[in-house]
Every structure is written in structure tokens, then in C-alpha cells.
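To start, I am sharing the structure in question, which I have written as C-alpha cells.
The values are calculated or read from the model by the stated rules, or taken from the named source; none is laboratory data. From a predicted model like this one, the values you see are computed outputs, not experimental measurements. We place every Cβ from the backbone using ideal geometry, glycine too, and count neighbours over all the protein chains shown. Just so you know, the surface numbers come from the protein's heavy atoms only, side chains and all, with ligands and any DNA or RNA stripped out. Shrake-Rupley method; radii C 1.70, N 1.55, O 1.52, S 1.80 Å.
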Amino acid sequence: MEPVPAPTDRSPVDRRLVDGQGRAIRYLRVSVTDRCDLRCRYCMAEEMTFLPRSELLALEEIALIAERFVARGVTKIRLTGGEPLVRRDALDLVRRLGRSVGHGLNELTLTTNGTRLADHAQALADAGVRRINVSLDSRDPALFRHITRHGDVAQVLNGIAAARDAGLRVKINMVALKGLNDSEIPAMLDWAACEGMDLTLIETMPLGMINEDRADRFVPLTAVLDDLRARFDLAPDSHDSGGPARYWRVGGSATRLGLISPLTGNFCATCNRVRLTTDGKLYSCLGHDDHVDLRAAIREGGLAAVDAAIDAALGAKPARHDFDVSQGASPAVARHMSVTGG
Ligand code: SAM
Ligand code: SF4
């Protein structure tokens, strides 16, 4: 790629990010691509239409927008997707944004399916990433292959090992799926605790059409927690990531169990995040369609127009999502999680 230009002005802009409900926005998630090398059944349909490459933001545009958010008070950026590491210039973006760590940005992190982590873990660490989330819905090779439609769990486990060798702290993300991996949850927590990793369980959310009815796979995490409390010594943990998870500490280990339960425990009152898609749309809520077009803003009006569009998005940020998994096959929102950035 071209040599990375000097960082843009990092001095704070006197326009802090507060939404219409008075919530301070400190966290930006960036979907660097909507593409993926897996097809997890709860996330994507088997046949997906992805955004044409001509519509995507250039790396430089993503970086400029992200840096603007940092100048306006965002302290944490997560790169996600789709699978962020399938975008060819993803590591260049990590390196570019890594230069803001310690200059307004406290944390640069990413969520990955881990398939390419073995090759990239060291580069991520070198760029200033300290922690990553790796999605792993099963450690059983056949079940992993079934859930992802064609994934190889060994690749992901190798990726996790490489990440840890590179000094990255790894948190495992696991979507609870009835009749698929729900019986494996205690074993996953046990493994995470033995390995010194955190585990976050996630309720399946009605985002985008898939080939099945999510209600058939929905597992309320309230029930999972009751079961885990009977098996593990779990103490409520006051850790607050500013995010949707509620935490428990697993006795006798450094492991934290997180539960993200948008269906059974709404967390919107403390929402501190917004999401940028790979084609430049800024969504202020995962569960709503309202958005502003930062691609048009940056191309037509530069950073002043980006600021104005961000302000408009924050002013209109909804108070809460209205997810209801019992809506059957029709999802609450047509966009897949991979478009908005999970
Ligand atoms: N490809 C990367 C990965 O899988 O980690 C990053 C993107 S993925 C969309 C981010 C997270 O969203 C993953 O942990 C995934 O399991 C989760 N996810 C995807 N679709 C979901 C859905 N409909 N409901 C709940 N979680 C979902
Ligand atoms: Fe890809 Fe992640 Fe969605 Fe799985 S959850 S299909 S790995 S974007």
C-alpha cells in the first residue's frame, strides 16, 4: 500500500458526542467488510449478496472518519465485519489506527472468526492491539463445521494459540443455539477458565434473513445462567465495559463470564456506541434502520460535513431496540449483523 500519510490532526474537537437521550458516545465499531469466509447459520444465509467493491469506503476514508470520532471523544474502536481479516488492507488500517492509541484512543480491538489469526496475530499485537474477541460457537469439529457451514475449528484454535503467543488477551464469543451448542456451554466455560480466557455468551438476534427461523434456535440466557450457577462458582462482577454484557467471575480463575442478552435483558439505557458500515453508513442503533451517509459527507463536504452528519445521527439515536425473536422468520432488521458490524 501507499506509505501511510502523517496522522490527521489529533487535537480534541470541542464537540463531544452526546446523543439525544443524553448518553455519551465513546465507542465506535467499524465493519471493515461485509464479506466473510464462513457462513454461520444464525448470521448469514447460504447465498449472500455482498456490497459491490465500488461502494466501499477506501482505507483512508475509514481512517479519517475513525480519527474524527477519536478527536470528538471516542476512546474505543472495534474493527469487525463480516470477517475483518479477509479485507486485504485490514492490517494497514489496524496499523494506521494503532497510531491513535494513547492519543485519545484507549483501545483498538477487533472481533474475528479466527480463521486467519494464525497469520496475523503478531502484526495485530505489533500495531497496538492488546485484546481481541474470537468467535467460537463449538470446539467440536463436526458441530463447528455444521454451524459455520464449512469452517475448520482447528484453524481457529491455532489462531487463538497464535494470538495468545503474541501476547493478545483473547475473549471467546459464543452464540447460544438451541439443539446445537447449548449443551456445550458448560464445557466451553470450563475450557475458557482453564485457559485463562474470558467467555461471552450471546443471544441470537433477529438481524437479516437466514435460511431458518431463529426462534427455533433461541436460547434465553437467563436459563443458561441458572444452569451455570448450579455447576460453577459464579460471583457477579462489577466490570463495566460500557457495553451490553453483564459479567460474572468464575471462582478459582481469572475468567470472566459475560452474557449479552438483548432479548431477555435490554441494555439500551447505557448504550455508548455507534456503528460505521463498510460503505460509510453510520448506524446509531443495531436494531433500527436510521442512518446517515458518511461516505457522501466526507467526499462532498470533508470533515465539517462528517461532523454535521454525526451530530444528526446522534440526535436521532433511538432510545432502544425492539428485538423480538418470536417474530418468526422475518427479522426485526433486514441488515445482517455482518453489514452493521457485530
Ligand atoms: N466475523 C467475525 C466474527 O464472527 O467474530 C466478526 C463479525 S460477527 C458479525 C461478530 C459477532 O456477531 C460474532 O460473535 C457473531 O457470533 C455474532 N453474531 C452474528 N450474527 C448474529 C446474530 N444474528 N445474533 C447474535 N449474534 C450474532
Ligand atoms: Fe462470518 Fe462472523 Fe457472521 Fe460467522 S458470525 S458468518 S464468521 S461474519
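Please pick out the residue among Pro262, Pro244 that is within 26 Å of Tyr27 (Cβ to Cβ), open to solvent by less than 40 Å² (accessible area, probe 1.4 Å), in a loop (DSSP other than H, G, I, E, B) and in contact (Cβ under 8 Å) with a residue 60 or more places away in the chain.
Values: Pro244 fails: in contact (Cβ under 8 Å) with a residue 60 or more places away in the chain.
The match here is Pro262.
If His150 passes every condition in (1) at pLDDT below 95; (2) in contact with a helix residue (DSSP H, G or I) (Cβ under 9 Å, 6 or more places away or on another chain) but one, which one does it miss?
Here His150 clears every test but (2).
While we're looking at this one, here's another question. Looking only at residues in region 24-36 that are assigned to a loop (DSSP other than H, G, I, E, B) and open to solvent by less than 40 Å² (accessible area, probe 1.4 Å), which one is farthest from ligand 2 (Cβ to nearest atom)? If you could, list the steps in order and put the result at the bottom.
Initially, region 24-36 is screened for residues assigned to a loop (DSSP other than H, G, I, E, B), giving 25-26, 34-36.
Narrowing further to those that are open to solvent by less than 40 Å² (accessible area, probe 1.4 Å): 25, 34, 36.
Values: Ile25: 24, Asp34: 8, Cys36: 3 Å.
Here the answer is Ile25.
Name the one entry in Glu67, Glu47, Glu55 that is under 30 Å from Arg149 (Cα atoms), in contact with a helix residue (DSSP H, G or I) (Cβ under 9 Å, 6 or more places away or on another chain) and more than 16 Å from ligand 1 (Cβ to nearest atom).
That would be Glu55, the only listed residue that is under 30 Å from Arg149 (Cα atoms), in contact with a helix residue (DSSP H, G or I) (Cβ under 9 Å, 6 or more places away or on another chain) and more than 16 Å from ligand 1 (Cβ to nearest atom).
Here's another thing I want to ask about it. Report the residue count in region 266-318 for those that are among the charged types (D, E, K, R) and assigned to a loop (DSSP other than H, G, I, E, B).
4
Related question: Return yes when Phe218 is open to solvent by less than 40 Å² (accessible area, probe 1.4 Å), free of Cβ contacts under 8 Å to residues at least 24 places away in the same chain and under 21 Å from the mean Cα position of the chain (by Cα) and no when it is not.
no
Checking Ala235 against (1) small (Gly, Ala, Ser); (2) touching a Phe, Trp or Tyr at 6+ places or on another chain (Cβ under 7 Å); (3) not in a strand (DSSP E or B), which test does it fail?
So the condition that Ala235 fails would be (3).
May I pose another question? Answer yes or no as to whether Glu46 is crowded, with 22+ Cβ neighbours inside 10 Å and more than 24 Å from Lys171 (Cα to Cα).
Working: crowded, with 22+ Cβ neighbours inside 10 Å: no; more than 24 Å from Lys171 (Cα to Cα): yes.
Against the criterion (crowded, with 22+ Cβ neighbours inside 10 Å and more than 24 Å from Lys171 (Cα to Cα)), Glu46 does not qualify.
Further question on the same structure: Looking at region 125-146 only, could you name the residues that are more than 14 Å from ligand 1 (Cβ to nearest atom) and among the aliphatic types (A, V, I, L, M)?
Result: Ala125, Ala127, Val129, Ala142, Leu143.
Additional query: Considering only region 184-207, how many residues are of a type in the set (Gly, Ala, Ser), surrounded by fewer than 21 Cβ atoms within 10 Å (Cβ to Cβ) and either under 13 Å from Met174 (Cα atoms) or within 16 Å of ligand 2 (Cβ to nearest atom) (or both)?
Taking region 184-207 first, the residues of a type in the set (Gly, Ala, Ser) are 187, 192-193, 196.
Next cut, surrounded by fewer than 21 Cβ atoms within 10 Å (Cβ to Cβ) only: 187, 193, 196.
Those still in the list that are either under 13 Å from Met174 (Cα atoms) or within 16 Å of ligand 2 (Cβ to nearest atom) (or both) too: 187.
Qualifying residue count for the region: 1.
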